[in-house]
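**Student:** Below is the structure I would like to discuss, written out as structure tokens.
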């Protein structure tokens with residue numbers, strides 16, 4: 001029994017959990033991903049920490065300051081001031097850089113657009129009044145209902161702006177079209193249409209930016225998520241990641257129980273936990289699907305016609321330069337308008353997804369001490385609006401190709417503004433609406449919850465306390481709405497609402513926590529090649545996997561954490577029949593690898609998995625493995641499995657390394673010749689007569705190549721895989737015969 005169970009570990013759920021845990025409530029948070037944070041997360045690529053969703057956070061005004069003080073967050077995260085509000089590049093190439101601070105920004109705009117002085121003053125007055133009225137707005141319930149008859153008198157700006165869109169407000173108060181575009185430059189952080197976006201939420205969000213400045217959380221938004229998670233843990237709560245809630249059980253029309261299972265391992269049993277207070281930090285529609293049919297209909301009845309907000313597409317860039325000023329990048333956030341955009345109406349006409357006319361924001365994290373890249377390098381991103389329909393019904397091949405085309409289009413547009421900037425890019429990653437849906441399981445792949453329209457905004461959003469007894473909501477789908485600040489505040493308000501409840505268990509709650517069987521001990525660690533180790537750990541109970549699969553291995557107590565994340569995707573070297581799990585990895589200077597180096601026998605790690613689909617597909621075909629470096633790891637258990645089942649077809653292994661000393665499992669691979677129809681070819685790229693794997697080498701070494709009765713398994717870096725795939729296609733190999741698993 002727990003005081004509170006939270007479904008979902010986004011910022012809303014984490015904030016509510018942290019506040020409730022600090023109040024002495026026994027909290028359990030369940031998150032289906034292997035990390036907490038939702039879109040407030042990060043991932044590692046090469047030398048870079050790539051922030052998933054945080055560009056900047058609006059100023060720490062009263063409400064957020066109160067929250068940060070309650071949780072001592074300013075001691076747990078480092079906030080870095082953004083040097084300016086933002087820069088706007090208009091379609092005529094004119095650049096306008098807005099300064100921070102109310103008076104600075106106001107005076108700058110009045111000097112630039114003197115004929116709109118009245119409208120500019122009205123804009124800033126509206127921001128201030130909306131911010132002030134939000135602070136006075138009662139948490140939903142009896143107080144708010146009692147105020148309804150006099151609401152327009154007490155909250156005049158909230159009332160007026162809730163009935164008008166941003167576009168309509170601008171057309172009413174501002175005459176200069178260029179000024180309208182400047183004031184609404186960042187509207188894509190809230191919606192994909194200024195004539196649908198309600199003015200209340202736009203004003204509330206921008207009040208923080210225009211009046212209080214903007215900040216970045218050093219090291220990525222993941223640090224904020226981790227800080228909130230740690231507050232729950234420090235106050236005797238429990239956070240279980242990689243756990244998916246599948247059912248909400250009810251009794252007398254009240255939710256009383258959560259059923260959950262492991263997100264990856266079907267070998268674990270479904271578990272039940274009980275509570276009188278359950279917070280859903282996921283979409284209302286997803287929550288409803290967990291309920292019995294009768295209760296489900298009661299929940300969704302009011303919101304069944306609500307529509308989700310826009311999604312985002314982001315091109316993440318690792319750049320081999322200390323800063324981008326030499327290319328003309330002068331601001332942290334630069335909003336680049338689309339082609340022929342001269343008015344707000346043009347934004348609608350030119351909002352053709354990924355069309356040459358569409359605008360985007362370019363964020364150069366190197367303008368500040370972001371903590372995302374090593375010295376001499378920079379992380380940056382391009383971001384624009386997206387929709388899940390852009391990616392629906394695509395094959396994996398077509399999806400990858402479309403991502404490449406879209407990234408190329410956006411990069412070409414970027415280079416038109418900053419000539420030669422592409423020459424410094426050394427890594428590109430693309431996240432789409434489909435990516436967001438894959439990771440946070442949200443309708444339409446939106447990070448923003450319900451669209452902030454007039455009918456779905458402000459006090460019309462779903463209430464924090466649902467119409468199902470014991471069920472609450474926190475996060476972007478409820479009041480006040482999406483975005484980092486909206487999610488944080490919803491968590492705060494939800495916690496306050498729950499603390500008002502009298503439905504607390506009178507029985508002393510159990511002290512023990514749920515046992516996490518995925519936490520296991522290190523058994524052995526030994527060097528198997530130069531700078532390469534074999535890590536052997538206990539196999540978690542009921543851990544069933546297939547040869548070729550991988551896990552996400554998390555270090556529980558890392559010694560080093562600078563510029564890194566404490567989890568990695570690692571292929572399993574050991575065969576499923578073995579009683580332990582083994583992984584091979586190259587050492588590097590990364591904090592993760594250095595922390596692995598410091599592990600001693602008996603230290604603990606957490607295993608999320610199994611994952612991936614890189615395994616034996618068809619026993620009727622011959623097999624060619626084309627492998628680079630440590631990519632040999634998933635091939636070892638597959639070869640063992642082929643040997644076990646008595647596979648008689650031809651098996652080739654073309655194994656590339658820089659030098660002979662880098663070979664891993666060489667003796668074992670030679671032994672496989674005795675048991676399999678196996679040819680093993682070693683390629684060294686840095687020796688005097690070194691060569692690389694190309695189509696000529698493949699054609700020379702693989703007999704009967706043209707029969708197309710081989711499956712080609714490719715394992716290596718992203719560039720290696722793409723290069724080999726291209727060479728195979730040149731040899732006439734069909735796509736369905738080429739297999740790889742994108743676990744990098």
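Laboratory data are not the source of any read-out in this text; all were calculated from the coordinates shown. This is a predicted model, so every value here is computed, not measured. Neighbour counts are summed over all protein chains in view; Cβ atoms, including those assigned to glycine, are modelled from backbone coordinates with ideal geometry.
**Student:** Order these by the 10 Å Cβ neighbour count, fewest first: 504, 391.
**Tutor:** Values: 504 14, 391 21.
With the fewest neighbours first, 504, 391 line up as 504, 391.
**Student:** Once fully extended, how much extra length lies between residue 588 and residue 515, figured as 0.36 nm per residue of separation less the alpha-carbon to alpha-carbon distance?
**Tutor:** Stretched out fully, the residue 588 to residue 515 stretch lengthens by 23.0 nm.
**Student:** Just from its helices, what would the mean residue ellipticity at 222 nm be for the chain, if runs of 4 or more DSSP H residues each count -39500 (n - 2.57) and the sum is divided by every residue, rounded to the nearest 500 deg cm²/dmol?
**Tutor:** Helices in the chain give a 222 nm mean residue ellipticity of -9000 deg cm²/dmol.
**Student:** Which peptide among 88-98, 635-645, 215-225 comes first, and what is the full order, when sorted by highest mean count of other Cβ atoms within 10 Å?
**Tutor:** Values: 88-98: 16.1, 635-645: 19.9, 215-225: 23.1.
By packing density, highest mean first, the sequence is 215-225, 635-645, 88-98.
**Student:** If a paramagnetic tag sat 7 Å from the Cα of residue 604 along the Cα-Cβ line, which residues of the stretch 555-578 would have the backbone N under 13 Å from that point?
**Tutor:** Within reach of a label on residue 604: 555-558.
**Student:** Based solely on C-alpha atoms, express the radius of gyration and the Dmax of the stretch 382-508 in angstrom.
**Tutor:** Calculated on Cα positions, Rg and Dmax stand at 20.5, 68 Å.
**Student:** Just to verify a number: FRET efficiency for residue 168 and residue 249, C-beta to C-beta distance, R0 = 41 Å, to 0.05?
**Tutor:** Efficiency at R0 = 41 Å is approximately 0.35.
**Student:** Rounded, prolate or oblate for the stretch 453-543? Axes are the square roots of the Cα gyration tensor eigenvalues, ordered a ≥ b ≥ c, and the cut-off for rounded is a/c under 1.5.
**Tutor:** Since a/c reaches 1.5 but b/c is at least a/b, the shape of the stretch 453-543 is classed as oblate.
**Student:** When a/c reaches 1.5 or more, the comparison of a/b and b/c decides; with that in mind, is the stretch 199-302 rounded, prolate or oblate per its Cα gyration tensor?
**Tutor:** Here the stretch 199-302 falls in the oblate category.
**Student:** Between the stretch 534-591 and the stretch 675-744, what is the C-alpha centre distance in whole Å?
**Tutor:** Cα centroid of the stretch 534-591 versus Cα centroid of the stretch 675-744: 26 Å apart.
**Student:** Angle, helix 199-212 long axis vs. longest principal axis of the chain, Cα atoms, 0 to 90°, nearest 10?
**Tutor:** 80
**Student:** Okay, next question. Angle, helix 11-22 long axis vs. longest principal axis of the chain, Cα atoms, 0 to 90°, nearest 10?
**Tutor:** Tilt of helix 11-22: around 80 degrees.
**Student:** Same structure, new question: Separation between the residue 469 and residue 687 pseudo-spin-labels, each 7 Å from Cα along Cα→Cβ, expressed in nm?
**Tutor:** Spacing of the two 7 Å Cα→Cβ label points: 7.7 nm.
**Student:** Could you tell me which of rounded, prolate or oblate describes the stretch 622-739, using a ≥ b ≥ c as the square roots of the eigenvalues of the alpha-carbon gyration tensor, with rounded for a/c under 1.5 and, failing that, prolate when a/b is larger than b/c and oblate otherwise?
**Tutor:** On the way: a/c = 1.58, a/b = 1.03, b/c = 1.53.
The shape class here is oblate.
**Student:** Now for a different question. So what is the orientation-averaged projected area of the stretch 519-611, using the convex hull of its C-alpha atoms, in nm²?
**Tutor:** 5.6
**Student:** Additional query: Roughly what % of DSSP beta bridges within the chain run antiparallel, to the nearest 5?
**Tutor:** Restricted to the chain, the bridges split so that about 65 percent are antiparallel.
**Student:** Sticking with this structure for a sec: On a full-extension model of 0.36 nm per residue, what is the gain between residue 668 and residue 125, subtracting their alpha-carbon distance, rounded to one decimal in nm?
**Tutor:** Between residue 668 and residue 125, full extension yields 188.1 nm more.
**Student:** Using DSSP, restrict attention to beta bridges with both residues in the stretch 482-624 and report what percent are antiparallel, rounded to the nearest 5.
**Tutor:** Restricted to the stretch 482-624, the bridges split so that about 100 percent are antiparallel.
**Student:** So if I take the centroid of the Cα atoms in the stretch 203-228 and the same for the stretch 471-492, what is the distance between those two points in Å?
**Tutor:** Result: 15 Å between the Cα centres.
**Student:** To continue, here is another question. Computed FRET efficiency, Cβ-Cβ of residue 679 and residue 496, R0 51 Å: what is it to the nearest 0.05? Intermediate results must be reported in sequence, preceding the final value.
**Tutor:** On the way: r = 68 Å, r/R0 = 1.34.
Efficiency, from the Cβ-Cβ distance: 0.15.
**Student:** Students often check this: by mean Cβ neighbours within 10 Å, which of 268-275, 306-313, 230-237 ranks highest, and how do the rest follow?
**Tutor:** Top to bottom by mean Cβ count within 10 Å: 306-313, 230-237, 268-275.
**Student:** Here's something else I'd like to know. Provide the packing ranking of 548-555, 430-437, 523-530, i.e. peptides ordered by the mean count of other C-beta atoms within 10 Å per residue, highest first.
**Tutor:** Ranked by mean Cβ neighbours within 10 Å, highest first: 548-555, 430-437, 523-530.
**Student:** State, to one decimal in nm, how far the label point of residue 556 lies from the label point of residue 301, with both points 7 Å from Cα in the Cβ direction.
**Tutor:** It works out to 4.9 nm between the two label points.
**Student:** Now, a different point. Considering only C-alpha atoms, what is the centroid distance from the stretch 389-405 to the stretch 609-632, in Å?
**Tutor:** Spelled out, the Cα-based centre of one part sits 24 Å from the other.
**Student:** Sequence gap at least 6, Cα distance under 8 Å: using those rules, report the relative contact order of the stretch 370-507 to the nearest whole percent.
**Tutor:** 14
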